[in-house]
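Student: Take this structure, written in C-alpha cells, and hold onto it; I'll ask about it next.
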Amino acid sequence: MNKLNPYHRLLIALPVVAMFALYMPAWAEAVKPVAKSLKPEETAILLVDFQANFVSPDGAWYPKFAEHYAKTRMLDRTVELVGKARAKGILIVHITEGYTQDYRELDPGNPGAFHRGQIARGAWKIGSKEAAYYAPLTPSPGDRDLFLPPRIQASGFGGTGLNEILRAKGIKNVAVAGFTSDVCVYATVLAAYDLGFHVYALREAMVGFFDVIADQMVSSIYPMWSQVLDNAEFERMIEPPAGSGNASAK
C-alpha cells in the first residue's frame, strides 16, 4: 500500500481538526448553576434613596412617579417586602443621599451634570425636608436595620463603608431596590457585582428616571450584573431562619 503523502494527510486531518473545534465548547469546564435559595443570615436588602424628594407628595420629583406608584403600588409593596424580609432575619440597609448646606464637598466645575444639577436646585441638603427618609420604611426599635451616613456618590458603596460592613456581617447576597433604576440603583448594582456580591435586582421595588431607557436597562443590561426578580420571586428564594425547623435543602 502506498504511503499517503503530506498533502493527502493534510486533507484528512483538516476535517478532524474542524470536528474537534466544533465540540470543544462541550469539553469546557461546566459553569456552576446559580443558587435557587438564599440563607437569610447571608443576605441584605439595599434600599437606595427612599427619601421625600421621590416619595413625598410635596417632593420635587414625586409628580414624575405618582402615576407609577398608583398603578403598581410600588411603595406599599416595598414596605410589605421589607417587613417580610425583617421577619426572616435579612439585614435591611438604608442608603441615602445628602450634602452640606454649601455643597463644599462637591466640585461645581466638574462638567458631569449629576452634581451640578443638585447644586443648581439646592437639593438634598442634609436635614432638609426633601432629604427626609420615607417614614413607612423606618425600622422599629427592635429591628437590626442599618442606616448609612448620607453619601455624595452615585453608588451606595461610594464612601459609605458598605462593602466592609457587609463583609464583617458575613453578607454574600444583596438585593437592590429604590431610586432610580437607571442612575443610583444601577450604580449600586454594578458596584456590588464588581465587589463580588451575588446581586438580585428587585424590579418591582425600583423605578427609572429616564423613561425611554429605564425599562430596557432592567430587562437587557441588568442581567449582566444581577438576577432580576419580582418581589414574590425573591421572597420564595429566602430560606426559613436557622432553627425554625423548616429549613430547606440548598
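The values are calculated or read from the model by the stated rules, or taken from the named source; none is laboratory data. Because the structure is a prediction, the values reported are computed rather than measured. Cβ placement follows ideal geometry from the backbone for every residue including glycine, while neighbour counts extend to all protein chains displayed. Each accessible area value is taken on the protein alone, full model and side chains, heavy atoms only, with ligands, DNA and RNA left out. Shrake-Rupley method; radii C 1.70, N 1.55, O 1.52, S 1.80 Å.
Student: Which of the following residues is of a type outside the set (Gly, Ala, Ser), over 22 Å from Ala187 (Cα atoms) and either out of contact with any helix residue (DSSP H, G or I) (no Cβ under 9 Å at 6 or more places or on another chain) or not in a helix (DSSP H, G or I) (or both): Glu80, Glu67?
Tutor: Glu67
Student: Still on this structure: Among Arg151, Arg203, which is among the basic types (Lys, Arg) and open to solvent by less than 30 Å² (accessible area, probe 1.4 Å)?
Tutor: Arg151
Student: Just name the residue that is farthest from Glu97 (Cα to Cα) out of those in region 124-145 that are part of a helix (DSSP H, G or I) and either in contact with a helix residue (DSSP H, G or I) (Cβ under 8 Å, 6 or more places away or on another chain) or among the basic types (Lys, Arg) (or both).
Tutor: Looking at residues that are part of a helix (DSSP H, G or I) and either in contact with a helix residue (DSSP H, G or I) (Cβ under 8 Å, 6 or more places away or on another chain) or among the basic types (Lys, Arg) (or both), I get Pro136.
Student: Continuing with the same structure: So which of Tyr222, Tyr193 is modelled with pLDDT of 95 or more, open to solvent by less than 10 Å² (accessible area, probe 1.4 Å) and farther than 22 Å from Gln51 by Cβ?
Tutor: Tyr222
Student: Working carefully through the options Gly142, Gly161, Gly170, find the one that is more than 19 Å from Gln51 (Cα to Cα) and at pLDDT below 95.
Tutor: Gly142
Student: Tell me yes or no: at least one residue of region 230-239 is under 12 Å from the mean Cα position of the chain (by Cα) and buried (at least 19 other Cβ atoms within 10 Å of the Cβ).
Tutor: No.
Student: Name the pairs whose Cβ atoms lie under 6 Å apart, with the first residue in region 151-162 and part of a loop (DSSP other than H, G, I, E, B), the second of a type in the set (Asp, Glu), and 6 or more positions between them or separate chains?
Tutor: Ile152/Glu105
Student: Can you run down the residue pairs with Cβ atoms below 8 Å, 6 or more apart or on separate chains, where the first is in region 87-106 and over 30 Å from Gly142 (Cβ atoms) and of a type in the set (Val, Ile, Thr) and the partner is modelled with pLDDT of 95 or more and not in a strand (DSSP E or B)?
Tutor: Every condition considered, the pairs that remain are Thr100/Ile126.
Student: Anything in region 44-57 that is out of contact with any Ser or Thr (no Cβ under 7 Å at 6 or more places or on another chain) and touching a residue at least 40 places away in the same chain (Cβ under 8 Å)? List them, or say none.
Tutor: Matches in region 44-57: Ala44, Ile45, Leu47, Phe50, Ala52, Asn53, Phe54, Val55, Ser56.
Student: Go through region 94-129 and report how many residues are under 20 Å from Thr78 (Cα atoms) and in contact with a Phe, Trp or Tyr (Cβ under 8 Å, 6 or more places away or on another chain).
Tutor: Residues in region 94-129 being under 20 Å from Thr78 (Cα atoms) and in contact with a Phe, Trp or Tyr (Cβ under 8 Å, 6 or more places away or on another chain): 3 in total.
Student: I'm trying to understand the selection: among the residues of region 85-113, which are surrounded by fewer than 14 Cβ atoms within 10 Å (Cβ to Cβ) and not in a loop (DSSP other than H, G, I, E, B)?
Tutor: Ala87, Ala113
Student: Here are Gly243, Gly178, Gly170: which of them is out of contact with any strand residue (DSSP E or B) (no Cβ under 8 Å at 6 or more places or on another chain) and touching a residue at least 24 places away in the same chain (Cβ under 8 Å)?
Tutor: From the options Gly243, Gly178, Gly170, the qualifying one is Gly170.
Student: Looking only at region 122-173, which residues are in contact with a Pro (Cβ under 8 Å, 6 or more places away or on another chain) and aliphatic (A, V, I, L, M)?
Tutor: Ile126, Ala131
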